[in-house]
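The structure appears below as structure tokens.
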Amino acid sequence: MRKHALNNKVYNTLKIPVQFILLLFFLLFNISCKNTEDTKSSLAVIEKLIGSRVNEFELSIVENSKSDHTDWFEVKTTANKVTIQGTSNTTICYAAYNFLKDIGAVLVSWEGNRIDLPKTWPVYSKKGSTPFKYREYLNACVFGYTTPWWDWERWSQEIDWMALHGINLPTALEGQEIVWQQLWKEYGLTEGQLQEHFTGPAFLPWQRMGNINSHEGPLPQEWIDKKSEIQKKILQKMRALGMHPVVPAFSGYVPKAFAEMHPNSKISALNSWSGGGFESTYLLDPKDPLFKEIGKRFIELYSNLYGKSDFYLADSFNEIKPPVSVNHKYEELSDYGNIIYETIDEAVPGATWVMQGWLFGSDKEFWTKEATMAFLSKVPNDRLIIQDYANDRYKVWENQEAFYGKQWTYGYVHNYGGSNPVYGDLNFYNQELKSLLSHTNKGNLVGYGVMPEGLNNNSVVYEYIYDLPWSQGKEPVSHWLKTYLNARYGKTSESILKAWELLIASVYSTKYWETRWWDSRAGAYLFFKRPTLKITEFEGNPGDKEKLKQALDILVKESKNYDKSSLFYYDLIEASRQYGSLIIDDLLIECVKAYNEKDIEKADLLYKEIEKRALVIDDMLSGQPLNNLNDWLTLARDYGNSAEVSKIYLKNAKMLITMWGGEGHLNDYASRAWQGMYKEFYWPRWSMFLQALRESTVNNKPFDELEERKSIKEWETNWCKNDDMH
């Protein structure tokens, strides 16, 4: 009664009506409920990670003013409660993960998660913010090099990974073929013509970008339908987490049958892409009324199926020279840019056109400042985002004066083709970010991230890159590394830290793996490239092999302190595979030299040593489930609902990681350091080559390299056609 009386006294003193107090409680209760509902998606991500302990987390979203786009978070622990507030669900997910990583409780990676939660949460308080409105992720090519056989469960897992790493501008290109199918049928194309048009599942990224048609098709209807259902779930989950998925738009490419049906339209037949012997693709001129008509209809159909989006990806000239005239080049380029923008704007007023900035670096001879300015000239500055993600190779943003007022994002590819040498450059990323943020001519910079062509390797690189937008490079790499290793392994020591210092110096100080394009030939190592005598001219792989060996020696000694199923062992195998592959490259050079010099005895010994080392690596990689040829092929085969369809998928899966690229220089572009590849593909090719070289040396006959490479190519073709799971 005393308490009740006291409360009444307070009410009377303040002269606040009881009805007002009840209304206030009602509003506060509703706000609390609203926040709980608002954070439902981030709670689900955290719960999937740490289970029922999520009940100890209190989450709330605090919206910024309309003029403030800064994402921020605050984490505090009190009375065994973890209180997190942030500007979005994605920011909250990142904050939760950052907290769990800081205290050494959790590490999330493609190769597995380490989770060891303390009984009570330690005292902790941290605030974080980022100057980058968007944190981008996923190259258009990843939908061929990594995800063609992904089901919804795998995609859901990846979206959780994105949220925990603070990503809010993901590329989302699954499920579009069902829309193209409907669109082109409306324009009179038959089912048969569309079957001739579509590539196989693994090669769709390059059809979408206008590089190829038909390659390794057909595209089964069941695949189209599956991906459509998956895309609905992808977009729903991304949007619930406050992400801004970048979805496809029309960039001007039409099927050959459509071009033949419209002889009076201005449609250019483009030259074969990348010198690969591919058939022409067909690009509709922007001034043709059909351009806008088709582009708007595509977005309308897409929106009917998947809902409207805020960001639309359209790339008209990915590694393709624009079909413009010499005398009216700049005018015609401005027309292309203007019509693409207007098409998107008229279909979805207020939406933003997104384009990849790769072309400005890969073909800088064409894309001069004048050409780029013309292309962008008629597009409003706030209605376009250029993803300048090749800063591990090019300096496009500086050369193009930060894109003349347009919005742009800074980033890296890092992984090309899903090929997986062990490399990255943590100190480079750190210094580049600090330099970028302080640069006076960075223009309208709105985002940061990494746009890999393939996933599932070099996790430390991605972990570091997605912490950088929040730390802004202020934390030394050595300090970050100690926190990372403690979370990844559960414990560290001076020896482990020393080993990783050596790994940083030996393999993680390489911003781009130049060997991939040695002598214009793709392939992660010499051992992964189609054999050639020219390897005797090789000038060496990047990195420091001796320091890598020193790191390995320490890790091997420390391995007794870790379980064989731990992420420590995964990293030990990774470093061992890298070192072993580099040694094989050295031995290959010496072996070819020895045969050329007619030192048969030495060459034969080297041949046996290469074979032994290749098979040892192949066997060792059984400890890395992600790096496994059989798993990749099994995923492809099992994605089919019939033996006939499974056969198509299986061949696609084999072709992509070996012969992809037609007759040009892309063979082995997507080479993989996987169990099965060393034993079943790379060594058999080199064995054939070295045996033929030995035979010519013993018989004192000229070695016909062209003929031998032709035989190897025939062997590759048969390997890809074979239905075996190796």
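The values are calculated or read from the model by the stated rules, or taken from the named source; none is laboratory data. A quick note: this is a predicted structure, and the numbers were derived from the prediction, not measured. Neighbour counts run over all protein chains shown; Cβ positions are idealised from the backbone, glycine included. Ligands, DNA and RNA are excluded from the accessible area calculation, which covers all protein heavy atoms including side chains. Shrake-Rupley method; radii C 1.70, N 1.55, O 1.52, S 1.80 Å.
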Flagged in the stretch 404-423 as under 30 Å from residue 383 (Cβ atoms), touching a helix residue (DSSP H, G or I) at 6+ places or on another chain (Cβ under 9 Å) and either among the aromatic types (Phe, Trp, Tyr) or not in a loop (DSSP other than H, G, I, E, B) (or both), in numbering order, are 404, 405, 407, 408, 410, 411, 412
Does residue 497 satisfy the criteria of being modelled with pLDDT of 95 or more, among the hydrophobic types (A, V, I, L, M, F, W, C), surrounded by fewer than 17 Cβ atoms within 10 Å (Cβ to Cβ) and more than 30 Å from residue 703 (Cα to Cα)? yes
Of everything in the stretch 692-706, what is open to solvent by 20 Å² or more (accessible area, probe 1.4 Å) and either free of Cβ contacts under 8 Å to residues at least 24 places away in the same chain or closer than 28 Å to residue 457 by Cβ (or both)? Give them in sequence order. 692, 695, 699, 700, 701, 702, 704, 706
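Return a yes/no flag: does the stretch 658-679 have any residue that is acidic (Asp, Glu), outside any helix (DSSP H, G or I) and open to solvent by less than 20 Å² (accessible area, probe 1.4 Å). Explain how you work it out, then say what you get.
Narrowing the stretch 658-679 to residues acidic (Asp, Glu): 663, 668.
Checking which are outside any helix (DSSP H, G or I) leaves us with 663, 668.
Subsequent filtering for residues that are open to solvent by less than 20 Å² (accessible area, probe 1.4 Å) retains 668.
The answer is yes; a qualifying residue exists.
Among the helices (runs of 4 or more DSSP H) contained in the stretch 424-502, which hold 1 or more residues that are more than 25 Å from residue 171 (Cβ to Cβ) and in contact with a strand residue (DSSP E or B) (Cβ under 9 Å, 6 or more places away or on another chain)?
Numbers: elements: 426-438, 459-471, 477-489.
Per the criteria, 426-438, 477-489.
Hey, among the residues in the stretch 295-305 that are touching a residue at least 40 places away in the same chain (Cβ under 8 Å) and surrounded by fewer than 21 Cβ atoms within 10 Å (Cβ to Cβ), which one's farthest from residue 349 (Cα to Cα)? Spell out the reasoning first.
First pass over the stretch 295-305, keeping only residues touching a residue at least 40 places away in the same chain (Cβ under 8 Å): 295-303, 305.
Next, from what is left, pick out any that are surrounded by fewer than 21 Cβ atoms within 10 Å (Cβ to Cβ): 296-297, 300-301, 303, 305.
On the way: 296: 11, 297: 14, 300: 12, 301: 16, 303: 13, 305: 18 Å.
Applying the filter and picking the extreme gives 305.
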Lone qualifier among 182, 207, 236 - being under 25 Å from residue 271 (Cα atoms), more than 16 Å from the chain's Cα centre (by Cα), modelled with pLDDT of 95 or more and open to solvent by 10 Å² or more (accessible area, probe 1.4 Å): 207
Under 7 Å between Cβ atoms, which residue pairs at least 6 apart in sequence (or on different chains) link something in the stretch 549-567 that is of a type in the set (Asp, Glu) with a partner that is modelled with pLDDT under 95 and surrounded by fewer than 17 Cβ atoms within 10 Å (Cβ to Cβ)? none
Select from the stretch 618-651 the residues that are crowded, with 16+ Cβ neighbours inside 10 Å and either polar (S, T, N, Q) or more than 21 Å from residue 719 (Cα to Cα) (or both) and list them in ascending order. 620, 621, 623, 624, 626, 627, 628, 646
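Please pick out the residue among 263, 255, 218 that is of a type outside the set (D, E, K, R), at pLDDT 95 or above and either within 24 Å of the chain's Cα centre (by Cα) or surrounded by 21 or more Cβ atoms within 10 Å (Cβ to Cβ) (or both). Give the steps one after another, and end with the answer.
On the way: 263 fails: either within 24 Å of the chain's Cα centre (by Cα) or surrounded by 21 or more Cβ atoms within 10 Å (Cβ to Cβ) (or both); 218 fails: either within 24 Å of the chain's Cα centre (by Cα) or surrounded by 21 or more Cβ atoms within 10 Å (Cβ to Cβ) (or both).
Matching residue, one of 263, 255, 218: 255.
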Count - residues of the stretch 447-457 that are on the phi > 0 side of the Ramachandran plot and buried (at least 21 other Cβ atoms within 10 Å of the Cβ): 1
Checked 163, 202 against criteria (closer than 28 Å to residue 296 by Cα, modelled with pLDDT of 95 or more and buried (at least 23 other Cβ atoms within 10 Å of the Cβ)); the one match is 202
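Based on what the data block shows, is residue 365 open to solvent by 40 Å² or more (accessible area, probe 1.4 Å) and either in a helix (DSSP H, G or I) or among the aromatic types (Phe, Trp, Tyr) (or both)? Walk me through it before giving the result.
Values: open to solvent by 40 Å² or more (accessible area, probe 1.4 Å): yes; either in a helix (DSSP H, G or I) or among the aromatic types (Phe, Trp, Tyr) (or both): no.
The answer is no for residue 365.
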Before we move on, is residue 535 β-branched (Val, Ile, Thr), under 18 Å from residue 673 (Cα atoms) and either open to solvent by 10 Å² or more (accessible area, probe 1.4 Å) or part of a helix (DSSP H, G or I) (or both)? no
Regarding the stretch 542-562, can at least one residue be identified that is closer than 30 Å to residue 395 by Cβ, open to solvent by less than 50 Å² (accessible area, probe 1.4 Å) and of a type in the set (Phe, Trp, Tyr)? no
Filter the stretch 461-494 down to the residues that are closer than 20 Å to residue 437 by Cβ, in contact (Cβ under 8 Å) with a residue 60 or more places away in the chain and in contact with a helix residue (DSSP H, G or I) (Cβ under 7 Å, 6 or more places away or on another chain), then identify the one that is least open to solvent (accessible area, probe 1.4 Å). 467
Look at residue 564 and say whether it is modelled with pLDDT under 95 and either of a type in the set (Phe, Trp, Tyr) or within 23 Å of residue 495 (Cβ to Cβ) (or both). yes
